[in-house]
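The values are calculated or read from the model by the stated rules, or taken from the named source; none is laboratory data. If you're wondering where the values come from, they're calculated on a predicted model, not measured in any experiment. As a convention, Cβ positions derive from the backbone with ideal geometry for all residues, glycine included, and neighbour counts pool all protein chains shown. For the accessible areas, the whole protein counts, side chains as well, though only heavy atoms, and no ligand, DNA or RNA atoms are used. Shrake-Rupley method; radii C 1.70, N 1.55, O 1.52, S 1.80 Å.
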Amino acid sequence: MTTLIESEEHKSLREAVSTFARNHPRTLGTDNKHFWQAAAKLGYIGVNLPEAYGGGGGGITELSLVLEEMGASGNPLLMMIVSPAICGTVISRFGTEEQKRVWLPPLADGTRLMAFGITEPDAGSNSHRITTTARRDAATGDWLLTGRKVFVSGVDIADATLIVGRTEDARTGKLKPCLFIVDRDTPGFERRPIDMELNAAEKQFELTLDEVRLPADALVGDEDAGLLQLFAGLNPERIMTAAFGIGMGRYALSRALEYARERTVWKTPIGAHQAIAHPLAQAHIDLELARLMTQKAAHLYDAGDDMGAGEAANMAKYAAGEACVKAVDQAVHTLGGNGLTREFGLAQLITASRVARIAPVSREMILNYVSHQTLGLPKSY
């Protein structure tokens, strides 16, 4: 029942975050550093990180709840998906004691951020084709990292980037994924902004790593853990993206409902007409259903069921992406011409809502996953 009915503690957390976010100026598309720091001081940014390292001791369940309520108030924080959810989780689960001591407290209190680099120009959905490689310098024990990454969020404001590379297995000769912490000022680590039409505070970057020399302790976790460590970060990424989409959809829907109650044509509020009311009701239903699957995925992940969480996280991300796009589209349509004005702030969501559909994995790849992994159909790729 815990995935169906929220505890009083979670309800209180939702209310507190919602009140906090509503009382802050809307930040979508603008600098949100002040909002990030204010949220961190209240313990919201690091709510999923271990108490021993300054976090709240919660899990992805609590962190996704926080992000959803921020989004529903018009203040989504994209870097919450990356810094505490992906990077913080990976370091918490697999990092050395030194890595935990250095990184987790500042990630929790918001004084430091970490970006995450996995996507490459020729390796989007297929992580097995990643060509960023790391090799050992036999003389020093250092790692030498070479490759390219694209669509990496917030590199300019992050103190370091968690880079997914590949190392050669000495026993088989095959390449396996490994994770490295690369400080932003490391020689050979270059970034170039990608010119996006997406209006977001967090910018996108292409990264170039040219024989970047890293100390031996830059490697996170066990060199032989491979995909286990990678998916420890990717499942929270999907869950948090779902929460991001649900929050955005709820915000758009709330603006549309407010307008539909007040806008009067022929002496009747437009919300009284089924042509307006029914699509908004359907958008609400879709968002609520997506929230249920997101809660299930978060609970499974926090319970340590990585396999179950993988399936649920993909489904949650799919459902939330679809629900978000439909809610935003219907909200804009409800407002008519006003839906495209700056005054109502919905037009920019048309582009932003697509993110929940295409990142971090496309809906088509999720359908591939479900058809193959869940339904047992032959693999198509």
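Taking Gly59 as the residue in question, decide whether it is within 23 Å of Ala158 (Cα to Cα), modelled with pLDDT of 95 or more and out of contact with any Gly (no Cβ under 8 Å at 6 or more places or on another chain). Against the criterion (within 23 Å of Ala158 (Cα to Cα), modelled with pLDDT of 95 or more and out of contact with any Gly (no Cβ under 8 Å at 6 or more places or on another chain)), Gly59 qualifies.
Taking the stretch 186-204 as the range and being within 18 Å of Leu349 (Cβ to Cβ) and among the small types (Gly, Ala, Ser) as the test, the residues that pass are Ala200, Ala201.
Put simply, of Ala108, Ala38, Ala52, Ala21 the only residue that is within 17 Å of the chain's Cα centre (by Cα) and assigned to a helix (DSSP H, G or I) is Ala108.
Residues in the stretch 255-313 that are part of a loop (DSSP other than H, G, I, E, B) and of a type outside the set (A, V, I, L, M): Arg263, Trp266, Lys267, His273, Gly304, Asp305.
Among what's in the stretch 359-380 and is out of contact with any Ser or Thr (no Cβ under 7 Å at 6 or more places or on another chain) and free of Cβ contacts under 8 Å to residues at least 24 places away in the same chain, pick the residue that is farthest from Leu77 (Cα to Cα). Here the residue is Pro378. Within the stretch 84-95, residues that are over 14 Å from Glu51 (Cα atoms) and surrounded by 24 or more Cβ atoms within 10 Å (Cβ to Cβ) reach partners that are at pLDDT 95 or above and hydroxyl-bearing (Ser, Thr, Tyr) with beta carbons closer than 9 Å, at six or more positions or on different chains, in the pairs Ala85/Ser64; Cys87/Thr161. Could you check the stretch 309-329 and list, in sequence order, the residues that are of a type in the set (Lys, Arg) and surrounded by fewer than 24 Cβ atoms within 10 Å (Cβ to Cβ)? Result: Lys326, single match. Of the numbered criteria (1) open to solvent by less than 10 Å² (accessible area, probe 1.4 Å); (2) free of Cβ contacts under 8 Å to residues at least 12 places away in the same chain, the one Arg129 fails is (1).
Do any strands (runs of 3 or more DSSP E) entirely within the stretch 138-247 hold 1 or more residues that are in contact (Cβ under 8 Å) with a residue 60 or more places away in the chain and open to solvent by less than 20 Å² (accessible area, probe 1.4 Å), and if so, which?
In the stretch 138-247, the matching strands (runs of 3 or more DSSP E) lie at 143-153, 160-168, 175-183, 204-214.
The residue pairs whose first member lies in the stretch 31-58 and is within 16 Å of Gln99 (Cα to Cα) and without any contact (Cβ under 8 Å) to a residue 12 or more places away in the chain, whose second member is of a type in the set (Asp, Glu) and open to solvent by 80 Å² or more (accessible area, probe 1.4 Å), and whose beta carbons are closer than 9 Å, counting only pairs six or more residues apart or on different chains, do not exist in this structure.
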